[in-house]
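To start, the structure under review is shown below, and the notes come after it.
The values are calculated or read from the model by the stated rules, or taken from the named source; none is laboratory data. What you see is a predicted model; the values in this text were computed from it and never measured. A quick note on method: Cβ atoms are made from the backbone with ideal geometry, for glycine too, and the neighbour counts reach across all protein chains shown. Note: areas computed on protein heavy atoms with side chains; ligands, DNA, RNA excluded. Shrake-Rupley method; radii C 1.70, N 1.55, O 1.52, S 1.80 Å.
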Amino acid sequence: MTEAFIVDAVRTPRGRGKAGKGALSGIHPQELLAQTLVELVRRTGARAEDLEDVVVGCVSEVKEQGANLARNAVLAAGLPDVVTGVTLNRFCGSGLQAANFAAMGVMSGQQELVVGGGVESMSRVPMGSDEAMMDGLNLELRKKLFQVPQGISADLIATLDGTSREDADRFALESQRRTAIAVTEGRFQKSLFAVKDAAGNVVLERDEHPRADTTLEGLAKLEPSFAKMGAAPVGPNGETLDQLALARYPGTRAIQHVHHAGNSSGIVDGAAAVLFASSAYVKKSGLKPRARVRSMATIGSEPIIMLTAPAPASERALKKAGMEAKDIDLWEINEAFAAVPLNTIRRLAIDPERVNVNGGAIALGHPLGATGAMLLGTALDELERRGLATALVTLCIGGGMGVATIIERV
C-alpha cells in the first residue's frame, strides 16, 4: 500500500446561506466548485490532465446540485475531458468522506492524483430540498425506527451529558472569540481564495458568517430552536418527537432544549478541494506535499441520539494509526451543535485548548457537503503555523454515524 500525500487544500470563503442576501447566493454551486478546482490546480502547478478523478461531497443532490455536480463542475472549470467526477452523500460527513475516498484511491495503488472535496449552496438548495426527511420516506423503516430531527438529538445529548444552556452558550461564545482572533491574524488566508462572478468581479474574499460582537447576554436571549418541534405530535400514536426520542432512553424524564441559532452551526454556502498524490507521483512530478494521511475511519452509532459517533470514529482512526488521543496535537471537531464537540471532548478526555483552536461551524458556518474538506485544510494550515505534527478531523453524521481522519505533516 502506498502513502497518500496532501499536496494542498483550498476553499472558498463561507457566504451566508440566505437567498439573495449571502454574497455567494448568486453563484451556481457548480461554479463555486469549478473556481475551487481551478485555484487548486493553479496553486499546486499540477498537470490537470493527470487528475484521475474528482470526488465531491454534497448533501442535497437535487435541482442545481443534482445531475452529478462533480462532473459538471469539472467541465465548468475547463479541465481536460479525461478528468472524471463523482458526487456522494454521507450527510454532514460528505466532504471528509470524499477526501477519504480520494486518499483511498491513491493508497490502494490504483490512482496517482485525485481531488477530494465538497460543495453546498444552502442559499440556493436549502436543507430538505430533496423532501426525503432522514429516512427517505420509507414507512416500513419508520415503523421500526422513527428517526427524529438532529436538533432534537443534539438536545438529547445535552440532557444526558448534563450540558446546560449556559455551557452550550459559553462554548459558542468561545467559538466566536477564537474565530475573531483567527480572522484578525489572517490564519485562514493560506487556504482561502476570492470568489468572483461571471464578469470577474470579486463577490467574497472572507468568511461572511462570524459575529465578533457576540455576547453571553445576547446568546441567553435567544429562544431554543427545537422546543416547539419536540412537542409536536407526529408519531403513529400521537407521540411527540421528544417522546419518540426518549423511548430509547427511558431513564430520562424530559429533554432539556438548550440549542438555538447562536450555539448551533450556521447555514452557509461554500466549496473546498484537497489534492492527494501518491509517493511515486510526487517523486516524478516534483510536487511538494504538505502532509500525509495516517488513517481514516467511519463508525455507526445509535440512530436516535444520532450525533455521538465522533468519539468512537476517532478512537477507531487512532487505533488504526497506533495512536492515542493524547498523541494528537490539534483536533477539528465539527460544531454542528455545541453539545457534539463537548460530548467528544468529555468522552476522549481531550484538552479543550487543542480543539477548534480557530473556532468552528458555530461561528464560521457549516456548508454541509464541504465542511469536512474545509476542516482538513484548516487543520493543516494551523499545524504549519504552530510547528506541530498531527491533527484529527471528525464530524457527526445524520442517521447515527461518524467519520474521522488523521493527518501528519511531512
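Tabulated values for the structure
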{"read-out": "Candidates ILE345, ILE333, ILE152: whichever shows maximal mean-square fluctuation once the chain is modelled as a Gaussian network with Cα springs under 10 Å", "value": "ILE345"}
{"read-out": "Extension gain from MET133 to LYS326, taking 0.36 nm per residue of separation minus the Cα-Cα distance", "value": "65.7 nm"}
{"read-out": "Globularity ratio of region 111-190, using Cα Rg and 2.2 N^0.38 Å", "value": "1.65"}
{"read-out": "Where only C-alpha atoms are counted, convex hull volume of region 6-145 per residue in Å³", "value": "124"}
{"read-out": "Region 166-254: trypsin sites (Lys or Arg not before Pro) falling in loop per DSSP and having at most 11 other Cβ within 10 Å", "value": "LYS221, ARG253"}
{"read-out": "Debye intensity ratio in log₁₀ form over the Cα atoms of the chain, taken at each q of 0.07, 0.11, 0.13 Å⁻¹", "value": "-0.30, -0.75, -1.06"}
{"read-out": "Solvent-accessible area per residue for the chain (1.4 angstrom probe, square angstrom)", "value": "40"}
{"read-out": "Percent breakdown of C-alpha pair distances by 10 Å bin, ordered from the shortest bin, for region 108-259", "value": "8, 23, 27, 25, 14, 2"}
{"read-out": "Low-density loop cleavage sites - trypsin sites (Lys or Arg not before Pro) in region 23-91, where at most 16 other Cβ are within 10 Å (DSSP)", "value": "ARG47"}
{"read-out": "GluC sites (Glu not before Pro) restricted to region 58-165 and DSSP loop, no more than 11 other C-beta within 10 Å", "value": "GLU131"}
{"read-out": "Spatial separation of Cα centroids for region 73-107 and region 114-150, in angstrom", "value": "20"}
{"read-out": "Dmax and Rg, reported as Rg then Dmax, of region 315-382 (C-alpha, Å)", "value": "12.0, 33"}
{"read-out": "Cα centroid of region 270-284 to Cα centroid of region 356-384, whole Å", "value": "19"}
{"read-out": "For region 296-351, convex hull volume per residue from C-alpha positions, Å³", "value": "81"}
{"read-out": "Over the chain: helical MRE at 222 nm, DSSP H runs n ≥ 4 each giving -39500 (n - 2.57), nearest 500", "value": "-10000 deg cm²/dmol"}
{"read-out": "Average Cα contact separation per residue, the chain, under 8 Å, 6 or more apart, as relative contact order %", "value": "27"}
{"read-out": "For GLY365, net neighbour charge (Lys/Arg +1, Asp/Glu -1) across residues whose Cβ lies under 9 Å away", "value": "-1"}
{"read-out": "log₁₀ of I(q)/I(0) at q = 0.12 Å⁻¹ - region 247-388, Debye sum with one point per alpha carbon", "value": "-0.59"}
